[in-house]
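Below: the structure, in structure tokens.
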Amino acid sequence: MRALKFAALAAAAALVGIGLASAAEAPPPPQKNWSFDGLFGTFDRAAVRRGHLVYKEVCAACHGVKLLAFRDLQRVGYSEGEVKAIAAQVEVQDGPNDQGEMFKRPGRPADRFPSPFANEQAARAANNGASPPDLSLMTKARKGGADYLHALLTGYGEPPKGMKAMEGLQYNKYFPGQQIAMPSPLNEGQVTFPDGTKATAEQMSLDVTTFLAFAAEPELEDRKRLGVKVLLFVIVLTGMLFAVKREIWSALH
Amino acid sequence: MTATATTAGPLDDGKSRRDFLLIATSTVGAVGTALAVWPLVDSMNPAADVLALASTEVDLSAIQQGQSITVVWRGKPVFVRHRTAAEIKAAEATALSELIDPQPDKARVKKPQWLVMVGVCTHLGCIPLGQKANDLKGDYGGWFCPCHGSHYDTAGRIRKGPAPQNLAVPDYQFLSDTVIRIG
Amino acid sequence: MAAVQWKNPVIKWIDYRLPIFTMVHHDLVDYPTPRNLNYWWNFGSLAGITLVIMVLTGIFLAMYYTPHVDYAFESVERIMRDVNYGWLIRYLHMNGGSMFFLAVYIHVFRGLYFGSYKAPRELLWIIGVFILLAMMATAFMGYVLPWGQMSFWAATVITNLFSAVPLVGEAIVRWLWGGFTVDNPTLNRFYALHFLLPFVILGLVGLHMWALHVHKSNNPLGIDIKSPSDTIPFHPYYTAKDMYGLGIFMTVYLFFVFFAPNFFGEPDNYIKANSLVTPAHIVPEWYLLPYYAILRAITFDIWFIPAKLIGVIAMFASILILVLLPWLDRSPVRSARFRPLYKQFFWLFFVDCLILGWVGANPPDAMLMGKISLLVIGQLATLYYFAFFLVIVPLLGIFERPKPLPESISAAVLKPGAAE
């Protein structure tokens, strides 16, 4: 019965989404200069740290990043000690113990970030039926990637004349269908960055997007670094193969 | 990326420029192919999450003297034994010259009453008996491997049988008097 | 077969008992090849090499992949995050699929343009069509394995195609699923088949090569090999040319792997499969888009046959019609170089396939510039697709006046100013 209701709700939501999407297409998100773009892109270490803070203090109440492990943070410049301390701040479930019971213990670097809700039903129940998605792969799982995410986080505003957001939904011009269940999450001064950066909504959004881009592709820096070397190698080899081909065929022409 | 042909076959007219080009290209191609194989080979090594899950904590407070428990660490059994005074004495009194793999008892324990070791026979990887009170314990009152008859003493040292080494002692530390962390 | 004298005693010993070195020498070294093959002839060997890369990377992925609905998505992400070079192996496999189809499609269009399907190479061509079909099945099932939203809904839509079969359709679909919806049994069997089919493809490729080596390669002039001066040994000429082509191919392939690994993919497939929510716009991978457009183009019943069934038939027919092509084309001339009309219809056909792909990529109700329905464009493109094979090609065989053919390959190539 419950499942059926969810199915109906989901189907209705999907239909509403389609209807509105073709009625008013979302504008393309503005392009930003991301530190991790380009052939030599790397994650801006300071931005990842600020973004991590924004995630922890703002997003983590509703959204998990369950595929990211604490130890992964060492890939973007956190020290082993820092990672241990960060992990120890959260409680993770473990067990069963000798009495056969599950128990909570402080996190370890090997643990993955715990999610705020035990399961999707609990997430829906706590959020008016809209389940906050896990953010582990968000920049890969949306068209427009990081640009879209940043545009969405800062895309709230008054709906245009003649349009009224449905109850429990907010107007956001970049969201497909323009109505989103998540209230505008970022407000100026909501967090205090230890590095003294001013916590404007724009800044927080850029930083948390960088953090989530890292969460989605922790291998990105390895990939691009290796890619440059491999491509140079293959291009040189191809040049040599061309010379060989020409040399061999020269006897024919 | 495969190596190019090294022989020019019927066209081989001994031109050194061509020979150099062919050999150089073949070499670069062969090196590239070899390097390309490495990621495939390396992918079979332990993955990052496996390497990260390397430590286990054990609460010792419930283990009575003369009792042993088996905990799982990195997928292998670890024997934790609360040794009796007699066992400690037997282990300490053994002369090094009697041992196949000479090692004094104090090199195998951090506190004499607690013996912690990986419960995998150093012969061919079976799990020795001796953890339960009614198990066979071998000729030296410690552990006995049923697969090929290796006898271990009360310090887990090999005394008789085909095993070449003492039972391995893992890296561990006392977090408090009653808690150890292995790994 | 001229016997080769082996000097190395070990090679000689083996070859006397199992003439594998003689075979390699005969088929890869001395093998007589038309001297005028252009770079379009590189794509056969490129497809073969890509197949090997796919099998290799696939085996290593299989060591970490878990074919279970609860773990499949996470196991793929574990490959991406924790397995040493797992991201590289997976991206090689993912993009390798696209590169494989790219190479094979160029290979097929080359065959169409230069008439490589005509006698005596009909069977060679037909085996090729079956390779293409097996590739599609393999690619489709491979796409399901990561168990993302696109995986799930692609599996649902494609398996539901079979429900169009009269009378037993529903039973077939339930049999394909092993349940009442795409679920764990479906994922399990797709994994098993995705592992098996590449070896079937390897077998078919063996037959393809065998048939090729009986009558040798076609060539851009489309005329038969008449004398030894028309050919050159495969090695070192075509080994060198193939390797150079491979270098360029790998450069493109690796660029995507390292710098745009998700270019050919859909973002929705990074969302775990959810059987209660369909993504707003589901599309197959790019290499299947034209067939998808043909499927959707049929929106009308014909007589008593429902549109759904016709769509499915049209989609399968669009590939199987290639099997009949050697008999639909009655023109004695192979190469389009000497067929002025066929050449134009061929390029129109090529563009038609691109249009079908573009239509397949867009929502069915989309409008071009707010006026022209994409559905109508898709229907017209589908019409031309079938008309090309069933009307244009047979008629051209009767009415087209081909240009005079050169005397021989060597005469055409060695003459100054001749086209190569």
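The values are calculated or read from the model by the stated rules, or taken from the named source; none is laboratory data. In this text the structure is predicted, and so the values were computed from the model without any measurement. Ideal geometry is used to build each Cβ from the backbone, glycine not excepted, and the neighbour counts take in all protein chains shown.
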Checklist outcome for this item: Counting only helices (runs of 4 or more DSSP H) wholly inside segment C:121-197, the ones holding at least 1 residues that are at pLDDT below 95 and over 27 Å from C:Thr57 (Cβ atoms) are C:149-160, C:169-177
Next on the checklist: Just checking, does segment C:302-319 include any residue being part of a loop (DSSP other than H, G, I, E, B), outside the structural domain of C:Gly265 (by TED's automatic domain parsing), buried (at least 16 other Cβ atoms within 10 Å of the Cβ) and in contact with a helix residue (DSSP H, G or I) (Cβ under 9 Å, 6 or more places away or on another chain)?
Outcome noted: no
Checklist entry - Applying the selection to segment C:68-121, what residues are within 26 Å of the chain's Cα centre (by Cα), surrounded by fewer than 19 Cβ atoms within 10 Å (Cβ to Cβ) and hydroxyl-bearing (Ser, Thr, Tyr)? => result C:Tyr105
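Collect the residues in segment C:194-216 that are β-branched (Val, Ile, Thr) and surrounded by fewer than 18 Cβ atoms within 10 Å (Cβ to Cβ), keeping them in residue-number order.
Initially, segment C:194-216 is screened for residues β-branched (Val, Ile, Thr), giving C:200-201, C:205, C:214.
Correct list: C:Val200, C:Val214.
One line per residue, one yes/no per condition, for (1) modelled with pLDDT of 90 or more; (2) on the phi > 0 side of the Ramachandran plot:
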{"position": "B:Lys110", "(1), (2)": "yes, no"}
{"position": "B:Met117", "(1), (2)": "yes, no"}
{"position": "B:Cys121", "(1), (2)": "yes, no"}
{"position": "B:Ile127", "(1), (2)": "yes, no"}
{"position": "B:Ala133", "(1), (2)": "no, no"}
{"position": "B:Pro170", "(1), (2)": "yes, no"}
{"position": "B:Asp177", "(1), (2)": "no, no"}
{"position": "B:Gly183", "(1), (2)": "no, yes"}
Next on the checklist: Anything in segment A:143-165 that is outside any loop (DSSP other than H, G, I, E, B), among the hydroxyl-bearing types (Ser, Thr, Tyr) and more than 14 Å from chain C (Cβ to nearest Cβ)? List them, or say none.
Outcome noted: A:Tyr156
Item to check | Conditions (1) more than 14 Å from chain C (Cβ to nearest Cβ); (2) in a loop (DSSP other than H, G, I, E, B); number of the one not met by A:Thr210 | outcome: (2)
Checklist entry - Looking only at segment A:139-194, which residues are at pLDDT 90 or above, of a type in the set (Gly, Ala, Ser) and in contact with a Gly (Cβ under 8 Å, 6 or more places away or on another chain)? => result A:Ala151, A:Ala181
Next on the checklist: I'd like to know if segment C:281-288 contains one or more residues that are more than 8 Å from chain A (Cβ to nearest Cβ), touching a Pro at 6+ places or on another chain (Cβ under 8 Å), buried (at least 21 other Cβ atoms within 10 Å of the Cβ) and under 24 Å from C:Leu187 (Cα atoms).
Outcome noted: no
Checklist entry - Just one of A:Leu226, A:Leu252 is at the interface with chain C (Cβ under 9 Å from one of its Cβ atoms), assigned to a loop (DSSP other than H, G, I, E, B), surrounded by fewer than 21 Cβ atoms within 10 Å (Cβ to Cβ) and of a type outside the set (Asp, Glu); which is it? => result A:Leu252
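For C:Phe60, indicate whether it is crowded, with 20+ Cβ neighbours inside 10 Å, within 14 Å of chain B (Cβ to nearest Cβ) and at pLDDT 95 or above. Write out each step before concluding.
Working: crowded, with 20+ Cβ neighbours inside 10 Å: yes; within 14 Å of chain B (Cβ to nearest Cβ): yes; at pLDDT 95 or above: yes.
Yes.
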Checklist entry - Being under 25 Å from C:Leu322 (Cα atoms), surrounded by fewer than 18 Cβ atoms within 10 Å (Cβ to Cβ) and assigned by TED's automatic domain parsing to the domain that holds C:Val108, is that true of even one residue in segment C:139-150? => result no
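Residue-by-condition table, conditions (1) touching a residue at least 12 places away in the same chain (Cβ under 8 Å); (2) surrounded by 15 or more Cβ atoms within 10 Å (Cβ to Cβ); (3) on the phi < 0 side of the Ramachandran plot:
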{"residue": "B:Phe79", "(1), (2), (3)": "yes, yes, yes"}
{"residue": "B:Lys106", "(1), (2), (3)": "yes, no, yes"}
{"residue": "B:Leu124", "(1), (2), (3)": "yes, no, yes"}
{"residue": "B:Lys137", "(1), (2), (3)": "no, yes, yes"}
Next on the checklist: Quick check on segment C:217-253: of everything there that is in the same structural domain as C:Lys118 (by TED's automatic domain parsing) and surrounded by fewer than 17 Cβ atoms within 10 Å (Cβ to Cβ), which residue is farthest from A:Leu252 (Cα to Cα)?
Outcome noted: C:Val252
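For (1) of a type in the set (D, E, K, R); (2) within 14 Å of chain A (Cβ to nearest Cβ); (3) over 21 Å from the mean Cα position of the chain (by Cα), each residue gets a yes or a no:
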| site | (1), (2), (3) |
| --- | --- |
| C:Leu246 | no, yes, no |
| C:Thr251 | no, yes, no |
| C:Ala260 | no, yes, yes |
| C:Asp268 | yes, yes, yes |
| C:Thr278 | no, yes, yes |
Checklist entry - For A:Leu73, all conditions in the list (1) under 15 Å from the mean Cα position of the chain (by Cα); (2) touching a residue at least 40 places away in the same chain (Cβ under 8 Å) hold save one; what is the number of the exception? => result (2)
